[in-house]
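Working notes for the structure below.
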Amino acid sequence: MKQRLLPLYVVSVYAFLHVPLLILCAFSFNSSRFTVWESFSLVWYRAMWNDAALAEATWNSLLIAVVSTVIATAVGTLAAYGLWKKNARLLSGSLYLSLVTPEIITGIALLATFQWAFRYFQFQLGMHTVILAHVTFSIAYVLLVVMARLRTADPALEEAALDLGATEWQAFRLVTLPMLRPGIAAAALLAFTVSFDDYVITSLVAGVDSETLPMMLYAMARRGANPVVSAISTVILVGLGALILASERLQKS
Amino acid sequence: MGALSLDAIYKDFPSHRVVDGISLTIPQGCFYSLLGPSGCGKTTTLRMIGGFDEPDRGTIQLGGRTLNGLRPYERPVTTVFQSYALFPHLTAAENIAFGLERRRDPDAARKVQAALDLVQLSAKAGRLPAQMSGGERQRTALARALVVEPELLLLDEPLSALDPKLRKQMRLELKELQSRIGITFLFITHDQEEALSLSDQIAVMHKGRLEQIGTPQQIYLQPATRFVAGFLGAVNWVGDVGVRPELTRISREAPAPGARVLEATVNSAMFLGDCLQVETRTPAGDQLIAQIAHGLGEFRRGDRVHVWWRPDDEMALPQ
């Protein structure tokens, strides 16, 4: 009895988790506009491909994700290294705060900050504010992943490098950085994913020129069931899924 | 090249004083051990010589040149770390070449090969640390530290990560290597057997201070303090007189005159393989242990015996 129930239970849990996504994928290949299966078709993928507004939103999302990932990865890695070197437990612990802060709060706080800054500097909501916002919330993810890698590192490695004649900079560049490389790559992939994904914070700090893919999807989905939305979602799902898998694999290596 | 001298070195940690006024001189070419229990300050002393920590007070000199304030890469000293600290992304040969490359040594390739030969690792030159055995890693670390021709090599418990059989073999190799190349070795250990078998000179450390400096024989046979006597091996104490169990004899009949004799009762007799260990108790309550060769009699709990030793074998501790 026990042996039969366990597989059944496991299948149910996985179904509960993944069936909605499978349904979404399935209907993206449906020739009908409605949620009734008609026949297999790539018509919605063709529609997606030819949509100029969609292309612009995708470009915006990619640009924001790449720029914020580069900045967040650089800053986050250096911060992780510094916190590890100084063994600053309180400071590293406080970083979790930004991970558990509700996104809507982070978004409102950033918006308030930007509006306050607008009084003194001449600038408007736009791509730059979205990128800044993404950098702020991505840094915590980068820190987390790089810190995890550092925690397993032997502190004597850098000392050994100094001992053999390397300066502090050479020790970092020739020993610590190569050792951290898989962790940094994993962190960058994760930062890219959370940036590309983000809707709540982005929608609050975006300007007229900076509509992202998630914002556009949200707007389209609000207007009712749309197989193009399903098609876009499927593409994003597969793309980001691959990134996450790559990130996991890198973290283990 | 020249002697290493520490002059009145002090180092405080936030909670306590770790090194409490250490002075010693290590002659050039010496195999010198700092021996003590964990937490005695020996590793901190080593780190101050290597340049990873700075003393609060006191001077460190090597061949007359003051090392205080110099960064690790400015000191003619290298270290074999307890964890070996091999660079995990570099092969054995690349690890060994690391120090030579920092010095832009034009002769690096030949020196790396010579160092690999020295520690018999030529066949494993292309291996990453993760693909090596414990002994191979230890030898790579040794070669990496020696190839830059330091004036002094620091070894931080380099054998402690090896299994006991390998440890004994590496001990022999280490001793042989040091006498061949003639560089001063400063060896840190908490293992008295290791220190006794390897060293020309031993400094015993306890609670941040030096208890005694001497040859292995002096340290073992004429300990200056009760701590040194006890740390280097088991001791039978009768008041302020101590004697090693392997120099303590036991017999049913009274020994010839001239020996120090106590009457005692056997508590237990244990077969230890290479000897028989008999535990006895005197009427005064002192516990005396004798390790005797096989064939010197059988003893059972409750037997009344004479425990004795030669006066020459006594440790005379200054009060």
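The values are calculated or read from the model by the stated rules, or taken from the named source; none is laboratory data. These numbers were taken from a predicted model, which means no experiment stands behind them. Positions of Cβ are generated from backbone atoms using ideal geometry, with glycine treated the same way; all protein chains shown enter the neighbour counts. What goes into the accessible areas is simple: the full protein's heavy atoms, side chains included, and nothing from ligands, DNA or RNA. Shrake-Rupley method; radii C 1.70, N 1.55, O 1.52, S 1.80 Å.
With label points built 7 Å along Cα→Cβ from the Cα atoms of residue B:12 and residue A:74, find their separation and express it in nm.
So the label points at residue B:12 and residue A:74 sit 4.3 nm apart.
Need one value for B:45-53: mean number of C-beta atoms belonging to other chains within 10 Å of its residues' C-beta atoms.
1
Taking the Cα centre as origin and putting +1 on Lys and Arg beta-carbons and -1 on Asp and Glu beta-carbons, what dipole magnitude results for the stretch A:127-253, to the nearest 20 debye?
Approximately 440 debye in magnitude.
Eight or more residues apart or on different chains, and alpha-carbon atoms under 24 Å: count the Lys pairs in the stretch B:4-225 matching that.
The result is 11.
Report the antiparallel proportion of the DSSP beta bridges in the protein assembly as shown as a percent, rounded to a multiple of 5.
Roughly 70 percent of the beta bridges in the protein assembly as shown run antiparallel, per DSSP.
Between the helical axis of B:164-181 and the dominant principal axis of chain B, each derived from Cα atoms, what acute angle in degrees is found, rounded to the nearest 10?
With both axes taken from Cα atoms, the answer is about 60 degrees.
Beta carbons within 10 angstrom, averaged per residue: use that to sort the peptides A:108-114, A:228-234, highest first.
A:228-234, A:108-114
Output the 0 to 90 degree angle, nearest 10, between the alpha-carbon long axis of helix B:92-102 and the longest principal axis computed from the alpha carbons of chain B.
60
Is the stretch B:234-316 best put as rounded, prolate or oblate by its Cα gyration tensor, with a ≥ b ≥ c the root eigenvalues, rounded for a/c under 1.5, and otherwise prolate when a/b is larger than b/c, oblate when not?
Rounded.
Along Cα→Cβ, 7 Å out, is where each label goes; now give me the distance between the ones at residue A:200 and residue B:259 in nm to one decimal.
8.6
Just by accessible area at a 1.4 angstrom probe, what is the order of B:306, B:89 from largest to smallest?
B:89, B:306
I'd like the orientation of helix A:227-252 relative to chain A: the angle between its Cα long axis and the longest Cα principal axis, in ° from 0 to 90, rounded to 10.
30
For the protein assembly as shown, give the magnitude of the charge dipole about the Cα centre (Cβ charges: +1 Lys/Arg, -1 Asp/Glu; no others), in debye to the nearest 20.
Roughly 880 debye for the protein assembly as shown.
For residue B:10, what accessible surface area do you get with a 1.4 Å probe? Give it in Å², rounded to 10.
Only protein atoms counted, so the area is about 60 Å².
For the stretch B:4-225, build the charge dipole from Cβ charges (+1 Lys, Arg; -1 Asp, Glu) around the Cα centre, then report which of B:88, B:146, B:162 sits farthest towards its positive end.
Value computed over the given set: B:88.
Count the DSSP beta bridges whose two residues both fall in chain B, then state the antiparallel fraction as a percent rounded to the nearest 5.
Close to 70 percent.
Enumerate the calculated ³J(HN,Hα) couplings along the stretch B:35-49 in order (Karplus 6.51 cos²θ - 1.76 cosθ + 1.60, θ = phi - 60°), each rounded to whole Hz, writing x wherever the residue is Gly or Pro.
My calculation for the stretch B:35-49 gives 10, x, x, 5, x, 7, x, 5, 5, 4, 4, 4, 5, 6, 6 Hz in order.
What FRET efficiency comes out for residue A:118 versus residue A:221 if R0 is 35 angstrom and r is the Cβ-Cβ distance? Round to the nearest 0.05.
Using R0 = 35 Å, I get an efficiency of 0.65.
Apply the a/c threshold of 1.5 to the C-alpha gyration tensor of the stretch B:54-111 and tell me whether it is rounded, prolate or oblate.
Here the stretch B:54-111 falls in the oblate category.
How big is the accessible area of residue B:149 in square angstrom, nearest 10, if you roll a 1.4 angstrom probe over the protein chains?
Roughly 120 Å² of residue B:149 is accessible to a 1.4 Å probe.
Under a straight-distance cross-link criterion of Cα-Cα below 18 Å, which aspartates and glutamates are reachable from residue A:86, leaving out those fewer than 8 residues away in the same chain?
The reachable aspartates and glutamates, counting only those whose Cα sits under 18 Å from residue A:86, are A:154, A:158, A:159, A:168, B:53, B:54.
With a 1.4 Å probe and all protein chains in place, put B:52, B:187 in order of accessible area, largest first.
Sorted by accessible area, descending: B:52, B:187.
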